[in-house]
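Student: Right, I'll just put the structure down here and ask away after.
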Amino acid sequence: MNINELWDKLIDYEGKEFHTKTGLPFSYEALDDKVIISRNGKKYHANEKDFLLVLNNPKKDRYFYRDNMRVSSYVLGIMSDPRIGAI
């Protein structure tokens with residue numbers, strides 16, 4: 001899967017409920033170059049680079065982005081969901 005295919009899927013499923021690996025529910029809004037993640041009234045931003053880090057990592061299930069651990073949990077939750085199918 002490339003970033004354009006991924007982004008098309010992100011747009012298709014925006015607003016739907018997703019879960020982190022630990023089961024925490026969240027949703028997101030897909031914009032041109034970023035995703036705004038919403039959970040319990042808080043918003044977090046993930047950009048294309050965050051998704052590319054997972055796509056280009058051979059150990060996708062072990063993705064770890066030290067600068068923003070919280071965002072990486074949501075990015076993994078989105079990408080590992082069967083509806084997206086990126087991992």
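Student: I'd like the full set of residues that are touching a helix residue (DSSP H, G or I) at 6+ places or on another chain (Cβ under 7 Å) and surrounded by 14 or more Cβ atoms within 10 Å (Cβ to Cβ), limited to the range 11-27.
Tutor: Hits for the range 11-27 are PHE18, HIS19, THR20, PHE26.
Student: I need the full set of residues from the range 40-58 which are of a type in the set (Phe, Trp, Tyr) and at positive phi, in order please.
Tutor: none
Student: May I ask you to list the residues in the range 40-67 that are crowded, with 17+ Cβ neighbours inside 10 Å and either of a type in the set (D, E, K, R) or at pLDDT 85 or above (or both)?
Tutor: TYR44, ALA46, ASP50, PHE51
Student: Among the numbered conditions (1) loosely packed, with under 13 Cβ neighbours inside 10 Å; (2) over 15 Å from SER73 (Cα atoms); (3) modelled with pLDDT of 90 or more, tell me where LEU6 comes up short.
Tutor: In the conditions (1) loosely packed, with under 13 Cβ neighbours inside 10 Å; (2) over 15 Å from SER73 (Cα atoms); (3) modelled with pLDDT of 90 or more, LEU6 misses (1) alone.
The values are calculated or read from the model by the stated rules, or taken from the named source; none is laboratory data. This one's a predicted model, so the numbers in the text were calculated from it and none came from an experiment. Because the Cβ atoms are built from the backbone with ideal geometry, glycine has one as well, and the counts that use them run over all protein chains shown.
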